[in-house]
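K.L.:
I have a structure here, written as structure tokens, and I will follow up with some questions on it.
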Amino acid sequence: MTLKNMFKNVVTITFVFTCFVFVGFANAQIEVDITRGNVEPLPIAITNFVNEFPATTRAGTLDELGQKIAGVIAADLYRSGLFRPIDPEAFISSPRAEQVRPRFGNWRAIGSQALITGRLEQESDGRVRVEFRLWDVFSEQQMTGLRMLAPSENWRRIAHKISDAIYARLTGESGYFDTRIVYISETGDKRERIKRLSIMDQDGANHQYLTNGEDLVLTPRFSPTRQEITYMAYYNNTPRVYLFNIDTGKHEVLGDFPNMTFSPRFSPDGNKVVMTLAENGNSDIYIMDLPTREVTKLTNHPGIDTSPSFSPDGRYVTFNSDRGGSQQLYVMGSDGNNIERISFGAGRYATPVWSPRGDLIAFTKIGNGKFRMGVMRPDGSGERLLTDSYQDESPTWSPNGRVLMFFRTEPYDRDGNGGGTLLWSVDLTGYNERRVSTPNDGSDPAWSPIMR
Amino acid sequence: MGSDLVNELKLGLIFSVVFHITLVGVSVIGIPSLKRDFKGLPEPIPVEIVQIDDITRVVEPKLEREVAQEKPQAKTPKPKPAFQKPTENLSKNAVPLPDAKPKEKPKTPPKKEAVRLKPKVTPKPKPRPPSKLDMGKIAALIDRSKPKEEVSVAEVKEEDVIKKLEDAVRKNRVNALEARRATASLQAIIRQKVEACWSVPAGAKDADDLLVRLRISLRLDGTLSRPPEFLDRDRLFEGGQEFYRTAAESAARAVRRCAPYDLPKGQYSLWRQIDFNFDPKEMLGSGE
């Protein structure tokens, strides 16, 4: 009897143990690797900004402004190529109803993944108070929200700032919408072009001429820290590097060098300018300390060294040189030591520009009868060409290092028409290529840092 | 009276000692070897051959057949000493084990998908080491623990027990294979679905390091029973991890957007909880 029991016990226990062992396996949960996805732009719904107390500001009624602000945000996000604003016609909910807590089901139903709601009111001092919220339609949570107070005339900047906040929250990197572009506006006959230094918002709005076109101006460059521009102008047929302060409107000669000066560019801290000086037919790279105006020679080679550009940490300078036989890209320490060639592909390379993000150097590649925009890593690896047109030149980076602006020259046709130059932008994917609207032809664009 | 009590106590003691030894023995020798045996199954490689179509083809059915065929023969020769001894001298009327098995086996190979095996995939005919079967060891243990006199009573039982155990093992093995197949199939369905729902965060820097591990828990109706759970949650809140946060949020949006998950209810135990590894590396191209 006891033995029987004992045996039973043993059996039961063994059995139970066996079961446990296998139960463990049977319950193993599923693990799924997701390595592919959708690269379509993110669908986003941007509602008109509403107001509770209708008023008329100097820039229009609050209703109008609310609509315009939503429009500018939608246009900003759309041009980035990363977002697809949903046509407001498709909205199920009215913007006004969504202020407190959106009915997210209505937004999921139209395929939206993110939602922007906002409102604006006029303050007693005439300024407008604008606030917005960005919602994750799936987790039904607010991702970010901001409130701003500004004169109503500045509504475009408010809209750009909101775009920047949304972009930053959804992509993880800073935006570039509240920025400006300086460039050379070109008008008139091909042989006698009138070139004027011009400035506009990144989206082409608020266009202004900064010079009157009497002198030839070239290569404007934004200071990375101040609302300042360097540019070259021919004054009495002598090229000089100028410094222009946007806030004060003051032009200042940086240096009156006896020799030719080219391609000035600021250091990341805005306190130095690196440039090319030509002396006795030989071009070398120099650096000028702005407070002291002291000039140091960085390269000393019989080849032509030109187009210098600082790395964002200020420790390196990239430039191009024909010292190796053909025009190629080089990197050196910002003290002029350790010069290393980084480009080795077929063709020539020109105008290297270090990305503000530090991870890439943009350049113009010349070969196969074309000028194309490209990028490579600072060690020369990972070369990619982003455009494939007839003639693209002079890349400039958006402050977040995701977009390049450049100018494109149209080929001449049989009747001798063409040759016009227009501003274009392309992002790092190479797919999102867009025309930048300017009132006239344009060349030599330079992107400002984010405005404060 | 007194001697009876002593006897009782002795019996109790013997019982206790034997019981504990058995318990320890089973847990130390028996179970691990069961486990080893289980692991010894050549890994089916479901993921590679899964094309995303309706039916998932998995490699192992053939292997299973092999296991099935092999087992009866393999069983008999080797464990004979340990295993068959009791059967031999104890019972002639007991159902012979080897016969019983082949009858059952043919039923077990999976019905539908087994046939659709791709001929390309030849399972390695790596025969499992002729069953150094756990059973043998367990049987041996059981054997040793058994007093010789009480033969006839325990004997039938043991027979039953061994059969039961073997059935359990076999069933589990089959279950495991079925589970694997089901898992592979579910993985394919889920992957296809979620990939379509995922908007990859564009242009992030350091794409190499943006693997997002995410766990979801599902109700039987396929809806999320709670918010997706980030398995590397701490990283979300670290400074300088904006790209990671973006990637993580995009992953969470994807699994939410895909809900409800219309998966076979019968396999709920398999998909009640799903772990995802979202890796944008291939999409972003590292550093480019």
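The values are calculated or read from the model by the stated rules, or taken from the named source; none is laboratory data. It should be emphasised that the depicted structure is a prediction, and the values quoted were computed from it without experimental measurement. FYI the Cβ positions are ideal-geometry reconstructions off the backbone, even for glycines, and counts take in every protein chain you see.
K.L.:
When you check A:Y176 against the structure, is it among the hydroxyl-bearing types (S, T, Y), in contact with a strand residue (DSSP E or B) (Cβ under 9 Å, 6 or more places away or on another chain) and over 29 Å from A:P312 (Cα atoms), yes or no? Quick ask: steps written out before the conclusion?
P.N.:
Numbers: among the hydroxyl-bearing types (S, T, Y): yes; in contact with a strand residue (DSSP E or B) (Cβ under 9 Å, 6 or more places away or on another chain): yes; over 29 Å from A:P312 (Cα atoms): no.
So A:Y176 does not fit the description; no.
K.L.:
Next question, about the same structure. May I ask you to verify whether B:A248 is under 24 Å from A:I44 (Cα atoms) and more than 7 Å from every other protein chain (Cβ to nearest Cβ)? Full working, then the answer.
P.N.:
On the way: under 24 Å from A:I44 (Cα atoms): yes; more than 7 Å from every other protein chain (Cβ to nearest Cβ): yes.
Yes, satisfied.
K.L.:
Filter the range A:399-435 down to the residues that are in a loop (DSSP other than H, G, I, E, B) and modelled with pLDDT of 95 or more and list them by number. It would help to see each step written out before you state the result.
P.N.:
To start, the set of residues in the range A:399-435 that are in a loop (DSSP other than H, G, I, E, B) comprises A:399-402, A:410-420, A:428-432.
Residues satisfying the conditions do not exist here.
K.L.:
All but one of (1) surrounded by fewer than 23 Cβ atoms within 10 Å (Cβ to Cβ); (2) within 30 Å of A:F177 (Cβ to Cβ); (3) among the acidic types (D, E) hold for A:D322; state the number of the condition that does not hold.
P.N.:
For A:D322, the failing item is (2).
K.L.:
Also: Mind checking which residues of the range A:426-448 are surrounded by 20 or more Cβ atoms within 10 Å (Cβ to Cβ) and within 17 Å of A:P220 (Cβ to Cβ)?
P.N.:
Filtering the range A:426-448 for residues surrounded by 20 or more Cβ atoms within 10 Å (Cβ to Cβ) gives A:426-428, A:436, A:438, A:441-448.
Answer for the range A:426-448, where residues must be surrounded by 20 or more Cβ atoms within 10 Å (Cβ to Cβ) and within 17 Å of A:P220 (Cβ to Cβ): A:V436, A:T438, A:D441, A:G442, A:S443, A:D444, A:P445, A:A446, A:W447, A:S448.
K.L.:
Where residues in the range A:142-194 are among the aliphatic types (A, V, I, L, M) and in contact (Cβ under 8 Å) with a residue 40 or more places away in the chain, which of them is nearest to A:G419 (Cα to Cα)?
P.N.:
If we filter the range A:142-194 for residues that are among the aliphatic types (A, V, I, L, M), which is where we start, we get A:143, A:146, A:148-150, A:158-159, A:162, A:165-166, A:168, A:170, A:181-182, A:184, A:194.
Those still in the list that are in contact (Cβ under 8 Å) with a residue 40 or more places away in the chain too: A:158-159, A:162, A:166, A:170, A:181-182, A:184.
Details: A:I158: 37, A:A159: 36, A:I162: 38, A:I166: 39, A:L170: 40, A:I181: 22, A:V182: 21, A:I184: 15 Å.
Only one residue fits best here, namely A:I184.
K.L.:
Which ones in the range B:186-200 are modelled with pLDDT under 90 and touching an Asp or Glu at 6+ places or on another chain (Cβ under 8 Å)?
P.N.:
B:S199
K.L.:
For the range B:255-271, how many residues are facing chain A (nearest Cβ under 7 Å) and not hydroxyl-bearing (S, T, Y)? Lay out the reasoning, then the answer.
P.N.:
Just the residues of the range B:255-271 that are facing chain A (nearest Cβ under 7 Å), to begin with: B:256-257, B:269-271.
Next cut, not hydroxyl-bearing (S, T, Y) only: B:256-257, B:270-271.
Of the residues in the range B:255-271, 4 are facing chain A (nearest Cβ under 7 Å) and not hydroxyl-bearing (S, T, Y).
K.L.:
To continue, here is another question. For residues that are assigned to a helix (DSSP H, G or I) and hydroxyl-bearing (S, T, Y), tally how many sit in the range B:264-288.
P.N.:
Number of matching residues: 2.
K.L.:
A:A168 is checked against (1) farther than 21 Å from A:R435 by Cβ; (2) modelled with pLDDT of 95 or more; (3) not basic (K, R) and fails just one. What number does that condition carry?
P.N.:
Among (1) farther than 21 Å from A:R435 by Cβ; (2) modelled with pLDDT of 95 or more; (3) not basic (K, R), the lone unmet condition for A:A168 is (2).
K.L.:
Further question on the same structure: Select the strands (runs of 3 or more DSSP E) contained entirely in the range A:284-388, then report the ones holding at least 3 residues which are among the aliphatic types (A, V, I, L, M).
P.N.:
Numbers: elements: A:294-297, A:305-310, A:316-321, A:328-333, A:348-354, A:361-367, A:370-376.
In the range A:284-388, A:328-333, A:361-367, A:370-376 are the strands (runs of 3 or more DSSP E) which contain 3 or more residues that are among the aliphatic types (A, V, I, L, M).
K.L.:
Follow-up question, since we're still on this one. Which ones in the range A:30-63 are surrounded by fewer than 17 Cβ atoms within 10 Å (Cβ to Cβ), in a strand (DSSP E or B) and more than 14 Å from chain B (Cβ to nearest Cβ)?
P.N.:
Correct list: A:T56, A:G60, A:T61.
K.L.:
Quick check on this structure: which one of B:R191, B:R245, B:R215, B:R233 is among the basic types (K, R) and within 19 Å of A:Q113 (Cα to Cα)?
P.N.:
Just one listed residue meets the conditions, B:R245.
K.L.:
Would you call B:Y261 surrounded by 19 or more Cβ atoms within 10 Å (Cβ to Cβ), of a type in the set (S, T, Y) and outside any helix (DSSP H, G or I)? So that I can check it myself, show each step before the final result.
P.N.:
Values: surrounded by 19 or more Cβ atoms within 10 Å (Cβ to Cβ): yes; of a type in the set (S, T, Y): yes; outside any helix (DSSP H, G or I): yes.
Answer is yes for this residue.
K.L.:
Could you count how many residues in the range A:219-240 are touching a residue at least 24 places away in the same chain (Cβ under 8 Å) and not hydrophobic (A, V, I, L, M, F, W, C)?
P.N.:
Matching residues across the range A:219-240 total 11.
K.L.:
Criterion first (in contact (Cβ under 8 Å) with a residue 60 or more places away in the chain, within 13 Å of another protein chain (Cβ to nearest Cβ) and not acidic (D, E)) does A:S355 satisfy it? Break it down stepwise before answering.
P.N.:
Working: in contact (Cβ under 8 Å) with a residue 60 or more places away in the chain: no; within 13 Å of another protein chain (Cβ to nearest Cβ): yes; not acidic (D, E): yes.
So A:S355 does not fit the description; no.
K.L.:
Could we say that A:P395 is surrounded by 23 or more Cβ atoms within 10 Å (Cβ to Cβ) and not hydrophobic (A, V, I, L, M, F, W, C) here? Walk me through how you get there before you give the answer.
P.N.:
Details: surrounded by 23 or more Cβ atoms within 10 Å (Cβ to Cβ): yes; not hydrophobic (A, V, I, L, M, F, W, C): yes.
Considered against the rule, which asks whether it is surrounded by 23 or more Cβ atoms within 10 Å (Cβ to Cβ) and not hydrophobic (A, V, I, L, M, F, W, C), A:P395 comes out as yes.
K.L.:
Would you check which residues across the range B:201-240 are at pLDDT below 90, crowded, with 20+ Cβ neighbours inside 10 Å and closer than 20 Å to A:Q141 by Cα and list them?
P.N.:
B:P201
K.L.:
Shifting gears a bit: Kindly establish whether B:A259 is within 30 Å of A:V403 (Cβ to Cβ) and touching a residue at least 24 places away in the same chain (Cβ under 8 Å). It would help to see each step written out before you state the result.
P.N.:
On the way: within 30 Å of A:V403 (Cβ to Cβ): no; touching a residue at least 24 places away in the same chain (Cβ under 8 Å): yes.
No; evaluated as a whole, the condition is false for this residue.
K.L.:
Please work out which one of (1) in contact with a Leu (Cβ under 9 Å, 6 or more places away or on another chain); (2) farther than 30 Å from A:G126 by Cβ; (3) not in a helix (DSSP H, G or I) is the condition A:I199 fails and give its number.
P.N.:
(2)
K.L.:
Also, quick follow-up: Being in contact with a Ser or Thr (Cβ under 8 Å, 6 or more places away or on another chain), of a type outside the set (D, E, K, R) and without any contact (Cβ under 8 Å) to a residue 24 or more places away in the chain narrows it down to one residue among A:S311, A:S307, A:S321; which is it? Let's see the steps before the verdict.
P.N.:
Numbers: A:S311 fails: without any contact (Cβ under 8 Å) to a residue 24 or more places away in the chain; A:S307 fails: without any contact (Cβ under 8 Å) to a residue 24 or more places away in the chain.
Going through A:S311, A:S307, A:S321 in turn, just one is in contact with a Ser or Thr (Cβ under 8 Å, 6 or more places away or on another chain), of a type outside the set (D, E, K, R) and without any contact (Cβ under 8 Å) to a residue 24 or more places away in the chain: A:S321.
K.L.:
Show me the strands (runs of 3 or more DSSP E) entirely contained within the range A:64-173 in which 1 or more residues are within 14 Å of chain B (Cβ to nearest Cβ), surrounded by 16 or more Cβ atoms within 10 Å (Cβ to Cβ) and among the aliphatic types (A, V, I, L, M).
P.N.:
On the way: elements: A:83-85, A:114-122, A:128-136, A:141-150.
Correct list: A:114-122, A:128-136, A:141-150.
K.L.:
Quick one: which of A:F177, A:F138 is touching a helix residue (DSSP H, G or I) at 6+ places or on another chain (Cβ under 8 Å), of a type in the set (F, W, Y) and at pLDDT 95 or above? Even if it seems obvious, please write down each step before you answer.
P.N.:
Numbers: A:F138 fails: at pLDDT 95 or above.
Only one candidate passes the filter, namely A:F177.
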